[in-house]
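Input: a single structure, listed below in structure tokens.
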Amino acid sequence: MFALKEKGKIWAAKNEQDGDFIFEGMKLEIGGKKKSSKLSDFVLRDDIDLPLRNVIPLWMLGMLW
């Protein structure tokens with residue numbers, strides 16, 4: 001989350017069903033291969049190499065830094 005903190009405001013979500021974090025109005029869910037999106041806009045997962053729909057590889061956050 002350090003990479004996103006450099007780009008804007010990031011907050012922990014108050015409601016667990018919304019996701020883990022809120023970044024500039026987008027709900028983010030962070031986790032491993034069994035992580036579902038719940039009500040979040042994007043899922044950042046550490047078990048994939050390429051993005052699919054609203055699932056983004058966790059390593060891509062390193063490109064922002």
Flagged pairs (Cβ under 6 angstrom, 6 or more apart or on separate chains; first in region 41-60, farther than 19 Å from PHE21 by Cα and of a type outside the set (A, V, I, L, M); second open to solvent by 50 Å² or more (accessible area, probe 1.4 Å) and modelled with pLDDT under 90) are ASP47/LYS33
Across region 13-65, the tally of residues that are open to solvent by 40 Å² or more (accessible area, probe 1.4 Å) and on the phi > 0 side of the Ramachandran plot stands at 4
Selection from region 20-59 of residues closer than 19 Å to ILE10 by Cβ, in a strand (DSSP E or B) and not β-branched (Val, Ile, Thr) yields PHE21, PHE23, MET26, LYS27, LEU28, GLU29, GLY31, PHE42, LEU44, ARG45, PRO57
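The values are calculated or read from the model by the stated rules, or taken from the named source; none is laboratory data. A quick note: this is a predicted structure, and the numbers were derived from the prediction, not measured. For neighbour counting, all protein chains shown are included, and Cβ atoms are generated from backbone atoms with ideal geometry for every residue, glycine included. For the accessible areas, the whole protein counts, side chains as well, though only heavy atoms, and no ligand, DNA or RNA atoms are used. Shrake-Rupley method; radii C 1.70, N 1.55, O 1.52, S 1.80 Å.
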